[in-house]
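The values are calculated or read from the model by the stated rules, or taken from the named source; none is laboratory data. None of the values given here were measured: they were computed from a predicted structure. Heads up, the Cβs are rebuilt from the backbone with ideal geometry, glycines too, and the neighbour counts pull from every protein chain shown. The protein model used for the area step is the full one, side chains on, heavy atoms only, and it has no ligands, DNA or RNA in it. Shrake-Rupley method; radii C 1.70, N 1.55, O 1.52, S 1.80 Å.
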Amino acid sequence: EARIVFVSSDAHYQATAFDDVDTAPLWKRDKPDPNAGFAAYNRSKLLVAACARELAERTRGTGVTVNTLTPGALIPTNIYDEVTGPFAVFVGVMKPVLRTVGEAMPNYLYVCTSPELDGVSGFYFKDRRAQEAARAVLDPQRRADRWAWTEQAAGLVRP
């Protein structure tokens with residue numbers, strides 16, 4: 001059995017738009033949306049979860065399993081070293097209680113290697129527990145549309 005594991009985030013539950021993955025309008029206006037970064041991140045994680053679920057459906061019965069996991073919120077890697085403003089203050093205050101990289105690893109290892117997940121496909125894992133992804137991910141037509149958009153954006157098919 002082969003396993004494909006996508007990494008998303010619980011932020012995908014907060015995505016307010018799914019059909020429009022282009023976040024440029026949030027940035028490119030006279031007064032950019034102050035939440036544009038979060039909106040773009042949330043949308044990207046929703047797209048990851050949707051494409052993972054779509055691939056799980058497309059590979060069903062082939063011996064390939066496809067699942068998605070979340071490492072947990074705000075794992076303090078060096079990704080936050082350059083942030084400024086209120087978010088930097090938030091990360092600084094929260095850092096002592098955030099999950100470490102080492103604490104996030106068991107979820108990765110479980111989803112990638114656990115014999116308990118042989119044949120299990122199409123789920124979103126948090127803390128080694130399967131749960132459903134956001135409702136938008138469960139819609140087959142919306143997943144297929146996002147898959148087609150991804151193929152086109154990657155240059156794999158022509159418009």
Practice task
Roll a 1.4 angstrom probe over the protein heavy atoms and tell me the percent of accessible area of the chain that is carbon or sulfur.
Solution key: 57
Fill in the blank from the handout: For the chain, dividing by residue count, accessible area per residue (probe 1.4 Å) in Å² works out to 61
Practice task
Treating only the Cβ atoms of Lys and Arg (+1) and Asp and Glu (-1) as charged, compute the dipole magnitude of region 45-159 about its Cα centre; round to the nearest 20 debye.
Solution key: 220
Problem - 222 nm mean residue ellipticity, helices alone, for the chain (DSSP H n ≥ 4; -39,500 (n - 2.57); rounded to 500) - result: -12500 deg cm²/dmol
Exercise for the section: Find the relative contact order for the chain and round it to a whole percent, using C-alpha pairs within less than 8 Å whose residues are 6+ positions apart. Expected result: 29
Completion exercise
Each label sits 7 Å from Cα toward the beta-carbon; between T113 and R29 the label points are separated, in nm, by 4.7
Practice task
Please sort by residue number the GluC sites (Glu not before Pro) in region 50-148 whose DSSP state is loop and whose Cβ has at most 13 other Cβ atoms within 10 Å.
Solution key: E82, E132
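Quick one: how many lysine pairs in the chain have C-alpha atoms under 29 angstrom apart, if they're 8 or more apart or on different chains?
Lysine pairs meeting the criterion: 5.
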